[in-house]
Amino acid sequence: MQALTPAGDDFVAGRTRWQARGWLSMVLAICGQMILPLTLSAEPPRVTFELTLAGERLEGRPLAWSEDNVLLLTRAGALKSFHPNQATDFRQTARDFTSYPASVMKARLEAELGHDFTVTSTGHFLVATQSGKARAWAERFEEMYRSFVMYFQVRGFQLAEPEFPLVAVVLDRQADFIRYSTNQGVAATPEMLGYYLGGTNRVALFDLDGGKSTRNWQQNMATIVHEAAHQAAFNTGIHNRWSPPPRWVAEGLGTMFEAPGVWDSRGYPRREDRINRDRLAQFRTYVKERRPEDALLRLIADDRFFDADPDAGYAEAWAFTFFLVEQHPREYARYLQLTANREAFTDYPPQARLTDFVSVFGKDFRLLNARYLRFMEELR
């Protein structure tokens, strides 16, 4: 389970003025030069355009542009990247930008997915399911969102209200999930249970019960809370959708929410309930068998750690996040804010990651690592 996002190498906004024709000349005439950095307090002009792209009629707001690329945020919350020459029949439709209403989003989702799906609306979600458990799935997603908001609010975070209805697509069978994922440009593997895709701003997963019984609902719930935590984080300001945090930060938060004591603190109030037992067991095996001395530096500096050893990456991300949340909550909050306020559509190289981390937690990695490992050893 992983958060898939469109930032980094996928698109880097240009910083200079240049002469343009067609679509870009219209954007520049109306919006002026691109505003960077894109942060929570500094945004490009909220102007809405309508255009045709590959036969599809779109309404959206240009976030960034260069001679070769335009990044458009649609009124459905999706990101579209295209060459300026690909846009045709374009015009400005509004001086402001707003999401489609939930009713319009629901109708569009029903038309896209077809008659096999039921789309259920809640306070924040549009949940599309193939089975008769539509209401149950929708209620669980909404429950997860409320828990997420409560978790951060009691810790002093001021969360933004999501700009768009949050979409989740639940497939009955793994084969359907793989087919849907392929159509979305995601290479789903047999081990993948679900994902949050930043480009579409959607969660997708499949029902481990095949839409029939509820014997695996607990594992279904673990998938919901992990992926919905990603979606909530990127839509409430905990993470920056335009410049995602290091992967250990996103996955550490997602795996932390898998524990009942995190997503249901009222029902499971003890600290023991906040421990992700599966991740703890994985972490202890990793420490015993193969964890290198510089593992913490690798985790903080480079996402390739996850590619080299995925099980260790997720286990370490959970363990270190849990340690920081439990032992250094104020510093962890400052660090999340720091990563959320990064410049839009920019790379986050290892040295910058280390510099940001050190600015909050200090540079004595040997001492921090020792305290962290001792804390994990003492968990029961």
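Number of residues in segment 336-358 that are open to solvent by less than 10 Å² (accessible area, probe 1.4 Å) and either within 17 Å of the chain's Cα centre (by Cα) or without any contact (Cβ under 8 Å) to a residue 12 or more places away in the chain (or both) equals 5.
Checking the condition at pLDDT below 95, among the aromatic types (Phe, Trp, Tyr) and either under 16 Å from VAL167 (Cβ atoms) or touching a helix residue (DSSP H, G or I) at 6+ places or on another chain (Cβ under 6 Å) (or both), which residue from PHE90, PHE49, PHE82 passes? Sole residue among the options that is at pLDDT below 95, among the aromatic types (Phe, Trp, Tyr) and either under 16 Å from VAL167 (Cβ atoms) or touching a helix residue (DSSP H, G or I) at 6+ places or on another chain (Cβ under 6 Å) (or both): PHE90. All conditions but one from (1) among the aliphatic types (A, V, I, L, M); (2) surrounded by fewer than 17 Cβ atoms within 10 Å (Cβ to Cβ); (3) closer than 22 Å to HIS230 by Cβ apply to ALA107; the one that does not is (3).
For every residue, the table says whether it meets (1) open to solvent by less than 40 Å² (accessible area, probe 1.4 Å); (2) within 17 Å of ALA233 (Cβ to Cβ); (3) of a type in the set (A, V, I, L, M).
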residue: TYR100; (1), (2), (3): yes, no, no
residue: PHE117; (1), (2), (3): yes, no, no
residue: ALA128; (1), (2), (3): yes, no, yes
residue: GLU142; (1), (2), (3): yes, yes, no
residue: VAL154; (1), (2), (3): no, yes, yes
residue: ASP172; (1), (2), (3): yes, no, no
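When each of ARG366, ARG298 is tested for being buried (at least 16 other Cβ atoms within 10 Å of the Cβ), of a type in the set (Lys, Arg) and free of Cβ contacts under 8 Å to residues at least 60 places away in the same chain, the lone residue that passes is ARG298. Meeting the requirement of 2 or more residues that are closer than 28 Å to ARG353 by Cα and not acidic (Asp, Glu), the helices (runs of 4 or more DSSP H) wholly within segment 213-292 are 217-236, 247-256, 277-289. What pairs come out if I take residues in segment 179-205 that are within 26 Å of GLU142 (Cβ to Cβ) and pair them with residues that are assigned to a loop (DSSP other than H, G, I, E, B) and of a type in the set (S, T, N, Q) whose C-beta lies under 6 Å away, six or more apart or interchain? Hits for this filter: GLY198/THR5. Count of segment 67-96 residues, restricted to those that are open to solvent by less than 20 Å² (accessible area, probe 1.4 Å), farther than 20 Å from ARG202 by Cβ and either part of a loop (DSSP other than H, G, I, E, B) or without any contact (Cβ under 8 Å) to a residue 12 or more places away in the chain (or both), is 0.
The values are calculated or read from the model by the stated rules, or taken from the named source; none is laboratory data. These numbers come from a predicted model, not from an experiment. In this analysis, Cβ positions are derived from the backbone assuming ideal geometry, glycine residues included, and neighbour counts consider all displayed protein chains. Just the protein is used for accessible areas: all its heavy atoms, side chains included, with ligands, DNA and RNA removed. Shrake-Rupley method; radii C 1.70, N 1.55, O 1.52, S 1.80 Å.
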